[in-house]
Each structure stands twice: as structure tokens, then as C-alpha cells.
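Each remark here refers to the structure printed beneath this line.
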Amino acid sequence: MKKILSLALLAMMAMGAQAEEKQDSAASTKPVFTTIKEIPITSVKDQNRSGTCWNYSTLSYFEAEILKATGKTYDLCESFVENKTYMERAIQVVRFHGDCQFAQGGSAEDVLATLKTHGICPDDAMPFPGSLYGDSLNNFNEFFSLLEPYVAAVAKSDAKKISSQWKVGLQGILDAYLGKCPEKFTYEGKEYTPKTFVQSLGINLDDYVSITSYTHHPFYTGFAVEVQDNWRFPLSYNLPMDEMMQVIDNAVANGYTIAWGGDVSEEGFTRQGLAYAIDGEAAKSLAGSDMARWLKLTATKRKNVLDSLGCKVPEIIPTQELRQERFDNWELTDDHGMLIYGIAKDQFGKEYYMVKNSWGETGDYKGIWYMTKNFIALNTMDFLVNKNAIPKAIRKKLGL
């Protein structure tokens with residue numbers, strides 16, 4: 001009996017040692033970040049149940065630009081931009097007789113175009129998001145279930161001529177769910193219109209350009225990136241991938257943020273606040289998983305294997321050819337907008353961009369994501385940047 005108890009005790013000790021070894025291994029690969037460069041930004045916001053990352057990220061970008069230029073902190077109004085943008089997008093859909101997309105998504109250009117055309121107001125000049133329909137944050141489920149069929153009914157109408165009254169009806173829906181855009185408001189004791197307010201913010205709206213990197217158009221020229229939410233067809237300057245990345249690094253080094261748009265549907269983008277351009281084949285090998293075993297694993301177990309590798313997970317080396325291939329085969333999609341505002345490195349020396357999200361203070365880093373440079377190079381669709389943040393040699397090639 002004593003022998004059995006001794007064997008059982010030894011087995012328990014061995015299991016405990018193995019568990020401790022696994023915990024130590026996981027702890028050793030969990031990234032420990034050292035900040036290299038961090039640019040002041042405004043607070044993390046929450047887009048909640050709305051497809052408005054394009055709006056939150058780009059307004060956050062302009063808030064950072066204003067902060068850099070003037071030292072002043074502003075909270076600009078997302079609802080104002082949405083109200084103006086959805087009307088203008090609906091008008092385009094009707095002009096195209098429904099042969100283009102009407103959706104919640106958008107691009108950085110929508111925010112820039114709104115600022116230029118309509119101006120902006122501070123956040124408290126309109127109802128707090130969600131408050132008009134009894135929610136504490138945005139919830140576009142009911143809103144767009146009304147808006148989409150309304151626009152479709154007008155755009156696909158069999159009428160030989162439509163009246164302008166459809167715009168009055170649509171504006172009513174927009175105002176009911178987002179609030180009316182103010183014609184005048186008072187901010188810090190002074191009266192403004194949205195246009196005079198944007199003029200007071202201390203930035204030049206002609207300073208902003210979009211950058212991308214693909215081979216199906218000539219480098220150092222501009223083209224409209226072919227994604228549905230790029231419905232205004234703004235031109236992006238096309239750079240080789242290495243120069244695109246130089247722009248980001250130079251911007252951050254000189255105190256400029258980046259309004260980034262790209263793909264976060266990849267396996268390496270986690271809800272915990274990390275993003276790696278995972279090399280799946282190499283990861284299987286490191287985890288001791290051959291192909292047959294790997295394919296039998298559930299998605300959760302595969303994730304656990306990848307998580308156990310932590311910041312030592314092997315990454316794909318991005319290339320221009322791979323970017324193009326992934327764009328053309330629909331792997332690289334335009335599904336999220338975020339704000340790049342810094343650079344950090346982990347305990348093994350790997351560098352990451354510090355990126356502000358708009359999902360509230362979620363994840364291990366309270367709404368901040370650490371995304372490797374490989375991930376950004378591989379998954380960038382395009383980004384908005386101050387032209388003064390672009391290296392002089394590249395600006396010369398672009399004629400800026």
C-alpha cells in the first residue's frame with residue numbers, strides 16, 4: 001500500500017512539474033513590451049455594434065493631429081460624420097440605380113471629405129451615441145434594417161422620374177437615430193458653425209494623402225483602391241511595399257500618427273491585443289504537429305497551440321508579390337480601421353506598432369493592440385498620413 005501511495009505521489013509531483021514547466025514556458029513567450037516611441041493621442045472610444053471603425057479611427061487620427069499642432073485635446077463627433085456620410089452615400093447609390101453598395105462601412109476619405117465639405121462639431125453638440133433609442137452606445141441593428149431597404153427601394157424604383165422627397169425621408173431616419181447636425185453651437189464660450197469650428201482646429205486639411213502598395217498599377221502614381229467601401233474613389237499614392245513601410249516609420253519617428261486601414265480577419269490578430277503575421281506551416285512544425293494531426297484539431301485547440309508559442313510564433317516574411325496575390329484572391333480585405341501611434345519592442349527585440357482600436361478598453365492592453373511590422377506590411381490596404389510625415393526622397397518621387 002505504501003508503494004502504491006509513493007507511486008501516486010511521484011506521479012502527482014511529475015504532473016505538477018509538467019504543468020509548472022508549461023506555465024513557465026507560456027510566461028517566457030508572453031511579450032513584455034518596451035516603448036521606443038509613443039505619440040500623444042486621445043482616449044479610447046467604443047464603436048460598439050456599428051460598422052463605423054473608419055469613422056472612429058479617422059476622427060481619432062485628426063484629434064491626434066490637432067493635439068500635435070496645437071496641444072489641445074478635442075473629442076470630435078462621430079455622429080455628425082455618419083449623418084453626412086450616409087446621406088451622401090445614399091445619393092450615390094441612387095445615381096447608380098443601386099449598382100453599388102450601401103453599407104455601414106466606409107473609409108478615412110469619408111471623414112476627410114466631411115471635414116472639408118461640412119465641417120465638424122464637438123461630440124457633446126449632438127446626442128450621445130445610442131441615447132436616442134435607449135441604448136448606452138451605438139447599436140445600428142435596427143437603424144440599418146430601416147435604412148438599407150429604404151435606399152434600395154428608391155435606387156431600384158421602376159419610376160421614370162423620382163422626386164427629391166426621398167432625401168427628406170432618409171434625413172428623417174438619420175436624424176432619428178443619430179441626431180440632427182447642429183447649424184450653430186457654443187464651445188468653450190464661443191459660438192461656431194461646423195465650418196468655422198473646423199477652421200479653428202489648427203490643421204490644414206490639404207495636408208493629408210492616402211498611401212497604398214500594389215503592383216496592378218504603376219508605382220508613384222495615384223489610383224482608387226478597388227474596395228467597395230472606397231465609394232468616393234479617392235486616389236491613393238502607390239508605393240513599393242518597402243517605401244510604404246518607410247513612410248509609417250518616418251511618420252512615427254517624427255511624431256505623426258497614421259490612420260490605418262487593413263485586414264484583421266487573419267488568424268494572427270487576437271482579441272487580447274496582439275497581431276502576428278503567422279507562418280502556419282512553420283508554427284505546426286514548432287508545435288510538434290504534423291499536417292494530419294493539425295487538420296484534426298478544433299479551431300480552439302489550434303489557437304491554443306499558436307498562443308503557447310507567444311511572441312516566438314514564426315511569422316511570414318511579407319513580399320510585394322504576396323501582398324498582390326492576397327489582394328487578388330480576396331485574402332487581404334478592407335475590414336477595419338485603427339490608429340498607429342507608436343513603436344515598441346518585445347523582450348526578444350521584435351518591433352511592433354502600437355495601435356489604438358475602437359472597441360472600448362478591451363484586451364490585455366485596454367484597447368491598445370501591439371501589431372508586428374510584418375503583420376502591418378502584409379495586411380495594410382491603405383492609410384491616411386500627413387504629407388509632411390513622408391520622407392523627402394519619397395515625396396519628391398510623388399511630386400508632393
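Bear in mind that the values in this text are calculations on the coordinates, not laboratory data. For clarity, every value in this text was computed on a predicted model and none was experimentally measured. All Cβ positions, glycine included, derive from the backbone under ideal geometry; neighbour counts span all protein chains shown.
Annotations
- Rg [Å, one decimal], Dmax [Å, integer] - the stretch 177-257, C-alpha atoms: 18.1, 52
- Sites ILE91 and ALA159 - FRET efficiency at Förster radius 22 Å, r taken between beta-carbons, to 0.05: 0.85
- In this simple spin-label approximation, ASP328 and SER136 carry label points 7 Å from Cα along the Cα→Cβ vector, and these lie 4.9 nm apart.
- Anisotropy class of the stretch 323-381 from Cα gyration tensor, a/c 1.5 cut: oblate
- Note on THR73 and GLU361: the extension gain reaches 101.8 nm, defined as 0.36 nm multiplied by sequence separation minus the Cα-Cα distance.
- GLU148-LEU235 pseudo-label distance in nm [points 7 Å out on the Cα-to-Cβ vector]: 3.4 nm
- Efficiency of FRET between SER308 and GLU281 - r from beta-carbon atoms, R0 22 angstrom, step 0.05: 0.85
- Alpha-carbon gyration tensor eigenvalues x 5, square-rooted, for the stretch 74-193, Å: 27, 16, 13
- Selected from ASP99, ASP46, ASP110 as most flexible by GNM, with the chain as the system and alpha-carbon contacts under 10 Å: ASP99
- Relative to the current alpha-carbon distance between LYS30 and ASN388, full extension at 0.36 nm per residue lengthens the span by 125.2 nm.
- Across the cross-link table entries LYS345/LYS392; LYS312/LYS396; LYS30/LYS72; LYS45/LYS392, which are compared at the Cα atoms, the separations over 31 Å belong to LYS312/LYS396; LYS30/LYS72; LYS45/LYS392.
- Near-label residues of the stretch 240-268 by backbone N, under 12 Å of a point 7 Å along Cα→Cβ of GLU321: none
- Fully extending the segment from GLU226 to LYS345, taken as 0.36 nm per residue of separation minus the present Cα-Cα distance, adds 39.5 nm.
- Counting every alpha-carbon pair across the chain, the share separated by more than 40 Å comes to 24%.
- Considering only beta bridges that DSSP places wholly inside the chain, some 90 percent are antiparallel.
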